[in-house]
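Written out below as structure tokens is the structure these notes cover.
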Amino acid sequence: ETGVTQTPRHLVMGMTNKKSLKCEQHLGHNAMYWYKQSAKKPLELMFVYSLEERVENNSVPSRFSPECPNSSHLFLHLHTLQPEDSALYLCASSQFFDQPQHFGDGTRLSIL
Amino acid sequence: RKEVEQDPGPFNVPEGATVAFNCTYSNSASQSFFWYRQDCRKEPKLLMSVYSSGNEDGRFTAQLNRASQYISLLIRDSKLSDSATYLCVVTDSGGYQKVTFGTGTKLQVIP
């Protein structure tokens, strides 16, 4: 299924680097989400956008900066990350909040 | 009380067995309910929505008990390929309908 596409699939970066994760959905959905999943831990919701407007910011450190330029694209800008930020970052979309979410394959991020 | 709570397991069951998971939720006004499946190092995938009247999809049956605030997932005739973590998801009602994922229940089907 290619409804939600995330790039890159893998990313290794140093703590002083700046990088961005990209998510694109081809499903015509109105809501998009960023999640973090650390090893052997549950999903942690980071950000929620509805029609390009952020509706949830789940106490995420400012070193993570989301951007939603349109309803099909979602970015997560990263800078000065910490080793504990190493995780799988998942993007999802849904038609509305009460509809099922479709996930991308995720970006596996490693911070050196 | 956690918003959405699941027994983490693992549930180790033999092939062919029937296994059931429960998931409790704290907000009585919750509106939508889903079960997702997540394989190791993969993204969650929707398994089935949970309707008030209960619903069945092949070997999988989902039930909602609003009075006791829990949803259940029953898997009959377990297959090795059913081994995964099963996540329950609850959506609140209201303007911004907050979505909450449970921590997941790990199932291991043994030959």
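Dividing the C-alpha radius of gyration of the protein assembly as shown by 2.2 N^0.38 Å, with N its residue count, gives 1.03.
Return one quarter of the surface area of the convex hull spanned by the alpha-carbon atoms of chain B, equal to its mean projected area, in nm².
Numbers: hull surface 27.7 nm².
Value for chain B: 6.9 nm².
Placing a pseudo-label 7 Å from each Cα along the Cα-to-Cβ vector at A:LEU51 and B:SER81 gives an inter-label distance of 4.1 nm.
With a cut-off of 15 Å between beta carbons, the residues surrounding B:ASN12 carry a summed charge of -1, where Lys and Arg count +1 and Asp and Glu -1.
Put simply, the Cα atoms of region A:56-112 extend 36, 20, 19 Å along their principal axes, the longest span coming first. Computed 3J(HN,Hα) for region A:93-107, one whole-Hz value per residue from the Karplus formula 6.51 cos²θ - 1.76 cosθ + 1.60 where θ = phi - 60°, is 9, 8, 4, 9, 4, 8, 9, x, 9, 10, 9, x, 6, x, 10, glycine and proline marked x. In the protein assembly as shown, what % of DSSP beta bridges are antiparallel (nearest 5)? Antiparallel bridges make up about 90 percent of those DSSP assigns within the protein assembly as shown. Measuring from each cysteine beta-carbon in chain A, the ones with no other cysteine beta-carbon under 4.7 angstrom are A:CYS68. Database remark: amide H of A:GLU56 closer than 5 angstrom to the amide H of A:VAL48 (H placed geometrically; neighbours at sequence offset of 5 or more, or on other chains; Pro and chain starts carry no H). Taking 0.36 nm per residue of separation and subtracting the Cα-Cα distance, full extension of the segment from B:LYS2 to B:GLU56 would add 16.7 nm. Peptide A:93-102 is shielded by partner chain Cβ atoms: per residue, an average of 6 of them sit within 10 Å of its Cβ.
Counted by Cβ distance under 14 Å from A:THR107, the other residues give a net charge of +3, where Lys and Arg count +1 and Asp and Glu count -1. Isolated cysteines in chain B, defined as those with no second cysteine Cβ under 4.7 Å, comprise B:CYS40.
Determine Rg/Rh for chain A; Rg is computed over alpha-carbon atoms and Rh is the Kirkwood hydrodynamic estimate from the same atoms. Here Rg/Rh amounts to 0.94.
Rule-based calculations on the coordinates, nothing more; no lab input. Since we're looking at a predicted model, the values are computed, not measured. Don't worry about glycine lacking a Cβ; one is built from the backbone with ideal geometry, like all the others, and counts go over all protein chains shown.
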